[in-house]
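K.L.:
Structure provided below as structure tokens; questions to follow.
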């Protein structure tokens with residue numbers, strides 16, 4: 001996965017704060033596949 005441990009933890013904290021303890025985050029695309037490169041150049 002192309003997210004650092006710090007980025008992952010930040011996403012978890014903000015999601016739980018704004019949407020509650022049971023909230024889930026789903027990632028897709030190049031962020032979950034180390035072989036892919038997405039986004040703008």
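The values are calculated or read from the model by the stated rules, or taken from the named source; none is laboratory data. This is a predicted model, so every value here is computed, not measured. Reconstructed Cβ throughout: ideal geometry from the backbone, glycine too, with neighbour counts over all protein chains shown.
K.L.:
Please verify whether residue 9 is assigned to a helix (DSSP H, G or I), loosely packed, with under 12 Cβ neighbours inside 10 Å and either modelled with pLDDT under 90 or under 10 Å from the mean Cα position of the chain (by Cα) (or both), treating the condition exactly as stated.
P.N.:
When the stated conditions are applied, residue 9 passes them.
K.L.:
Taking residue 29 as meeting all but one of (1) at pLDDT below 95; (2) surrounded by 11 or more Cβ atoms within 10 Å (Cβ to Cβ), write down the number of the exception.
P.N.:
For residue 29, the exception is condition (2).
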